[in-house]
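*Asks:* Before I ask anything, let me first share the structure, which is written out below as structure tokens.
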Amino acid sequence: MKRFALFALFVLVAAVLTSCGLYNSKMASDPADVETVAVVEDAATEQAEETAEPVVAATEEVVEEAKPAEPQIFEPGSFESPDRCKNCHRDIYNDWKESMHAHAWTEKWYQQDFMMAHHETDGATDLLCGACHAPIAARTGQLPPADGSMFDETAKRGISCDFCHTVTGLDQMYNMGHVSEPGNEKKGPRGDGRSLYHGVKFNENHTKADFCGSCHMVIHPANGTHIIDTWQDWKTNWYGEQNITCQDCHMTPTPGVQETPGRAALLGKWRDNMPYHGFVGASSYVQDAMGNKKQAEMAREYLKSAAEMKLAETVAGDGNLALTVEVHNVGAGHKIPTGTTYIRIMWLEVIVTDATGKVVYSSGLVDEKNHVDPDAVFFRVQFRDADGNLTGKSWRAQGIGYDRRIPAKGMDSETYQIALPAKGEYQVSTRLMYRSFTQATLDEAAERTGEEYPPVESVEMAAAQTRVVF
């Protein structure tokens, strides 16, 4: 396999991110550059910050090793188009083509953020982000330029068949450390199949969470901030200890560890379990917007299987209701939310009504402009930039400013102090809600790019109700 001189460019990323205009005073003060999410929906109040996890020294050994591996480069055309694969692997192809992996480069929600980072960092983030979203382009020298003008048709297809099935190993467990060997021999989790077109070889990497984790673990190259920590989170929790892998849950079309029988190829062996290549996650909004209704509904099923809520309440003699809302992570093999948690939000909605149905207390409601109550209790991550402000822009991160998420098999709780106005019976309704983006993020993106984005949806992940009497 060939190595190439882009190693110097990856080293340059670290230098540019700390020295370019990204961290100058204009970046924090110019409204055109500041993310409006911080104003509208971050809700990183003093109380929330007191309960948030501190800046993570994360796993010091990982941060200490957060240096770029020597990248690889191959000739354009070294990787095959997924259209070639669909001739035999039709079912797998049809599942994959509507996955987030297939649209990892082309979907406009990613592109607007990617280009914003490109402009703010003079291109320093092109390969940091693009290596995972357009791995074939990165491995064939077609990225940069960031606009994709040099991409061939295969490079535009995101994370496609031939990239994954020509991986032979991992150089590092972050920032896309996969080792590629494109060619006629295709690697996979079994190796006992036969093909008249290509060779078939077992590769243990395809059976491990590490295969996924090398992209689902992103570390800021300049300061070691964990931008995405899904793999490390999994590795150090109960699921990782039990070796319940990413593939076990996310390569099945239903929540949890399931088996789906089928064939990998038209004339292939019948398998008791055929991994689902739709790679279901939590992206119901994007899937809906792209017209993939089936995938959107599966994403909502995953969200609804992740959490449960429990309530405890006491009413004092003066009518003060102390309502404790517990959120339990019962179904996710990682913290919720995870992944790009700095653009996602999960929050508590609480409504108390009297016997006539009149609302006497609320928190976490959505207003007429589709923005979430900024005083709601939020579960998410926000970075802290060079000026100490919270931001959802990962390239501006100097550290973690706010981190309140619910660990796998763990729980978090919030106690609300609510003054009941009069004697009587009250209905208490609570919900755990989720959004793939804040509405403010989409509003800002639409204004900046001229693109139209459907209003972001709220997904109910869990709910609980109770009645109280004063």
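The values are calculated or read from the model by the stated rules, or taken from the named source; none is laboratory data. In this text, all values refer to a predicted model and were calculated from it rather than measured experimentally. Every residue, glycine as well, gets a Cβ built from its backbone with ideal geometry; the counts of neighbours run over all protein chains shown.
*Asks:* Could you grab me the full set of residues in the range 72-87 that are in contact with a Ser or Thr (Cβ under 8 Å, 6 or more places away or on another chain) and either in a loop (DSSP other than H, G, I, E, B) or modelled with pLDDT under 95 (or both)?
*Replies:* Gln72, Ile73, Phe74, Glu75, Pro76, Gly77, Ser78, Phe79, Glu80, Ser81
*Asks:* Tell me whether the range 393-406 contains one or more residues that are over 22 Å from the mean Cα position of the chain (by Cα) and surrounded by fewer than 22 Cβ atoms within 10 Å (Cβ to Cβ). Write out each step before concluding.
*Replies:* So the first thing to find is which residues in the range 393-406 are over 22 Å from the mean Cα position of the chain (by Cα), and the list is none.
Checked against the condition, which is being over 22 Å from the mean Cα position of the chain (by Cα) and surrounded by fewer than 22 Cβ atoms within 10 Å (Cβ to Cβ), the range 393-406 yields no hits at all.
*Asks:* Select, from Thr225, Thr252, Thr236, Thr207, the only residue that is within 19 Å of Tyr302 (Cα to Cα) and either of a type in the set (Ser, Thr, Tyr) or at pLDDT 95 or above (or both). Walk me through how you get there before you give the answer.
*Replies:* On the way: Thr225 fails: within 19 Å of Tyr302 (Cα to Cα); Thr236 fails: within 19 Å of Tyr302 (Cα to Cα); Thr207 fails: within 19 Å of Tyr302 (Cα to Cα).
Testing whether each residue is within 19 Å of Tyr302 (Cα to Cα) and either of a type in the set (Ser, Thr, Tyr) or at pLDDT 95 or above (or both) leaves just Thr252.
*Asks:* So His119 passes all but one of these: (1) in a helix (DSSP H, G or I); (2) farther than 14 Å from Cys212 by Cα; (3) of a type outside the set (D, E, K, R); (4) in contact with a helix residue (DSSP H, G or I) (Cβ under 8 Å, 6 or more places away or on another chain). Which condition number does it fail?
*Replies:* Looking at each condition in turn, His119 falls short on (4).
*Asks:* Which one of Gly141, Gly177, Gly158, Gly169 is buried (at least 24 other Cβ atoms within 10 Å of the Cβ), more than 16 Å from His118 (Cα to Cα) and in contact (Cβ under 8 Å) with a residue 12 or more places away in the chain? I'd like the intermediate steps shown before the answer.
*Replies:* On the way: Gly141 fails: buried (at least 24 other Cβ atoms within 10 Å of the Cβ); Gly177 fails: buried (at least 24 other Cβ atoms within 10 Å of the Cβ); Gly169 fails: buried (at least 24 other Cβ atoms within 10 Å of the Cβ).
Gly158 is the lone residue from the list that is buried (at least 24 other Cβ atoms within 10 Å of the Cβ), more than 16 Å from His118 (Cα to Cα) and in contact (Cβ under 8 Å) with a residue 12 or more places away in the chain.
*Asks:* Can you spot a residue in the range 93-116 that is out of contact with any Asp or Glu (no Cβ under 7 Å at 6 or more places or on another chain), of a type outside the set (D, E, K, R), more than 25 Å from Gln287 (Cβ to Cβ) and at pLDDT 95 or above?
*Replies:* no
*Asks:* In this structure, does Ala422 turn out to be within 30 Å of Met217 (Cβ to Cβ) and either in contact (Cβ under 8 Å) with a residue 60 or more places away in the chain or assigned to a loop (DSSP other than H, G, I, E, B) (or both)? Don't jump to the end; show me each part of the working.
*Replies:* Numbers: within 30 Å of Met217 (Cβ to Cβ): no; either in contact (Cβ under 8 Å) with a residue 60 or more places away in the chain or assigned to a loop (DSSP other than H, G, I, E, B) (or both): yes.
No; evaluated as a whole, the condition is false for this residue.
*Asks:* Tell me, which residue of the range 359-392 that is polar (S, T, N, Q) and in a loop (DSSP other than H, G, I, E, B) is nearest to Ile219 (Cα to Cα)? Before the answer, list the steps.
*Replies:* Filtering the range 359-392 for residues polar (S, T, N, Q) gives 362-363, 370, 382, 389, 391.
If we keep only those that are in a loop (DSSP other than H, G, I, E, B) too, we end up with 370, 389.
Numbers: Asn370: 32, Asn389: 20 Å.
It comes out as Asn389.
*Asks:* Might you let me know whether the range 88-110 holds any residue that is more than 22 Å from the chain's Cα centre (by Cα) and not in a helix (DSSP H, G or I)? Show your work before the answer.
*Replies:* Of the residues in the range 88-110, the ones more than 22 Å from the chain's Cα centre (by Cα) are 88-94.
Narrowing the set further to residues that are not in a helix (DSSP H, G or I) leaves 88-89.
Checked against the condition, which is being more than 22 Å from the chain's Cα centre (by Cα) and not in a helix (DSSP H, G or I), the range 88-110 yields at least one hit.
*Asks:* Only one of these is in a helix (DSSP H, G or I), over 19 Å from the mean Cα position of the chain (by Cα) and within 30 Å of Lys294 (Cα to Cα): Asp248, Asp162. Name it.
*Replies:* Values: Asp248 fails: over 19 Å from the mean Cα position of the chain (by Cα).
The conditions single out Asp162.
*Asks:* Could you please let me know if Phe279 is within 16 Å of the chain's Cα centre (by Cα), of a type in the set (Phe, Trp, Tyr), surrounded by 19 or more Cβ atoms within 10 Å (Cβ to Cβ) and not in a strand (DSSP E or B)? Outline the logic, then answer.
*Replies:* Working: within 16 Å of the chain's Cα centre (by Cα): yes; of a type in the set (Phe, Trp, Tyr): yes; surrounded by 19 or more Cβ atoms within 10 Å (Cβ to Cβ): yes; not in a strand (DSSP E or B): yes.
Answer is yes for this residue.
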